[in-house]
Structure formats: C-alpha cells, structure tokens
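Values quoted throughout were computed directly from the atomic coordinates according to the rules given, and no laboratory measurement underlies them. No experiment lies behind these values; they were computed from the predicted model shown. Cβ sites come from the backbone with ideal geometry, for glycine too, and all protein chains shown count toward neighbours.
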Amino acid sequence: MKFLSFAKGDQIGLAVEADGRFRGYQNDAPEYPGQLYALIQDGPDAVAQAGKVLSCGPEIDLSEIGYLPPIAQADKFICVGLNYRAHTEEGPYEQPDFPTLFARFSSSFVGHEEPILRPAVSEQLDFEGELVAVIGKRARNVSVDEALDYVAGYSIFNDGSIRNFQRRTPQWTPGKNFDGTGPFGPYYITADELPAGCRGLRLQTRLNGKVVQDALIDDMVFPVDQLVSICSSFMTLHAGDVLITGTPSGVGHARKPQLWMKDGDVCEVEIDQIGILSNPVKNA
C-alpha cells in the first residue's frame with residue numbers, strides 16, 4: 001500500500017492510493033484511522049485495516065493539500081553516512097568497517113513540495129538523496145537473516161547538509177539539522193510492495209532537471225538488513241523508528257567546481273517504485 005500524510009487547512013489527514021487515485025479522510029472525520037506513526041506502532045493488521053478504510057474515502061485533490069513528512073513523531077531518526085563506496089572515496093574518507101551513524105531531528109523536516117531553506121549563515125547547502133526504512137516492530141539483537149522481517153515500509157529522504165557546519169566538529173549533527181533542510185516523503189510504501197531491502201531499485205537525484213546522483217540501492221556498503229541488525233545490537237529499535245540509509249556519490253561538495261543548492265533551484269530525489277520527492281530551494 002502507498003500512504004500519503006497531508007494537511008488541508010487546519011486539519012491533517014491520511015490517504016491511500018486506490019485505483020491510481022488517493023482516497024482518505026481528514027482527522028475531523030469519524031472514519032479517520034489516525035496518524036501513520038500510530039498505525040505502524042499498532043502493527044501490520046492496523047495498517048492494513050486503515051488502508052481498507054481509507055480506500056473507501058473521498059478522493060483527495062492533491063492540488064489542494066500540503067504534503068507532510070510520512071513520520072515526524074518517531075523516537076529515533078538514525079542516519080547513516082559513508083554507506084556507498086564511491087561517495088566515501090569522493091569525500092575523501094577511509095571506508096569504515098562499521099556504519100557511520102548520526103541523528104537527525106524532526107524539527108529539520110519538510111514535506112514534498114515544501115521549500116528547502118538555505119540559511120543566511122552559509123552558502124554550502126548540499127543535496128543527498130537517500131532511501132528511508134521504517135521499523136515495524138521491536139527489534140533487539142536481530143540477526144541479518146531475520147532483519148527485514150522488522151522493516152514495515154520505505155520512503156525517500158533528502159539529507160540536506162550545511163557542509164561547513166558539518167565539518168566544524170567530529171560529529172556531523174550541526175550541519176545535518178538546520179531548520180527546513182530535510183525533505184521527507186512524499187509517500188510511505190509498505191514493504192510487501194517492494195523488493196526485499198529495496199534491492200534492484202535505482203536512486204537518482206536531479207538538480208534543476210540535471211542528474212547529479214545515480215546509483216543502485218545494491219551499491220550500499222551496509223544494506224538495510226545489516227543496518228537493522230547492527231543498530232539492534234546496541235539499542236532497541238521500536239515500531240516507527242526511521243533509518244535514513246546513506247547517499248551515493250555525486251554530492252555538491254565533492255564536485256569541481258563545488259555545486260551548492262541556491263534560491264530558485266529545484267531538487268528531486270527519485271527511487272524506483274517509491275516515488276519522486278521534489279522541493280524548491282529558498283533563502284531562509
């Protein structure tokens with residue numbers, strides 16, 4: 001199933017794709033099943049039942065809504081750096097033998113079609129198209145072989161990075177959490193609709209229509225199953241937690257000359273079978 005979280009006026013809503021159209025309800029309707037995050041916490045049966053209810057709802061006019069990030073309430077938003085070898089090499093960094101993990105906070109998120117904000121303090125606003133994996137149930141000390149059983153669904157993220165702030169400390173948190181720099185969405189796709197671990201799918205980032213990143217999900221150093229297993233080895237993952245799995249090569253800071261996103265640009269991240277996340281860029 002393909003879900004869409006949205007806002008219209010003072011109401012929020014949830015929709016599901018049915019027969020090529022989105023149908024659903026806003027939260028003032030008695031049929032509204034709740035926010036996606038809560039449904040994922042309640043388990044796959046709750047998600048499936050919500051999909052059935054929403055598919056009977058009125059059609060949603062996409063021109064009249066604002067897109068919301070699929071999930072903004074999770075306990076953990078865990079990002080992975082240096083997870084494509086070609087990106088590590090362009091850094092340049094030494095390829096680590098353990099995932100490079102850092103936190104992203106929902107205060108930085110924006111939805112599909114909402115502007116990415118270039119802060120006044122820096123011109124070094126970079127793009128990073130990434131696959132999102134959402135945990136579906138409590139996971140602790142999970143083996144690689146069973147790890148994908150703990151993934152409920154997938155989405156798309158653009159890990160907009162303020163590079164000079166990212167490099168001010170050994171930890172990357174400052175440069176990864178400026179307000180309005182983390183596009184997330186537009187859809188949440190349940191895992192049963194996609195190849196296991198999204199293997200075989202292509203990720204492509206475009207800036208003003210020009211391809212700047214292009215790679216297969218298979219090129220990850222630590223694929224989704226390994227990331228779930230490794231993260232669960234040192235902390236408990238809960239339903240609704242989000243893994244943002246890393247970006248391929250082609251980022252702006254590694255180019256000569258360097259390529260930064262600026263006011264008036266449009267950045268798109270596309271992953272096969274998941275969708276296109278598109279955002280204009282504006283000065284904050």
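Taking every C-alpha pair closer than 8 Å and separated by at least 6 residues, the mean separation divided by the residue count of region 1-102 gives a relative contact order of 25 percent. Rounded to the nearest 0.05, the FRET efficiency derived from the C-beta distance between residue 49 and residue 196 at R0 = 25 Å is 0.55.
For the residue pairs 76/262; 2/176; 2/52; 52/137; 262/282, alpha carbon separations beyond 18 Å are given by 76/262; 2/176; 52/137. Using the average count of surrounding beta-carbon atoms within 10 Å as a protection proxy, the listed peptides 1-11, 80-90 rank, highest first, as 80-90, 1-11. Rounded to the nearest 500, the helix-only mean residue ellipticity at 222 nm of the chain stands at -3500 deg cm²/dmol, with each DSSP H run of n ≥ 4 adding -39,500 (n - 2.57).
Per-residue Karplus couplings for region 265-272, computed as 6.51 cos²θ - 1.76 cosθ + 1.60 with θ equal to phi - 60°, are listed in order as 6, 10, 10, 10, 10, 10, 10, 3 Hz, Gly and Pro entered as x. The distance linking region 212-265 with region 26-71 is 27 Å (Cα centroid to Cα centroid, whole angstrom).
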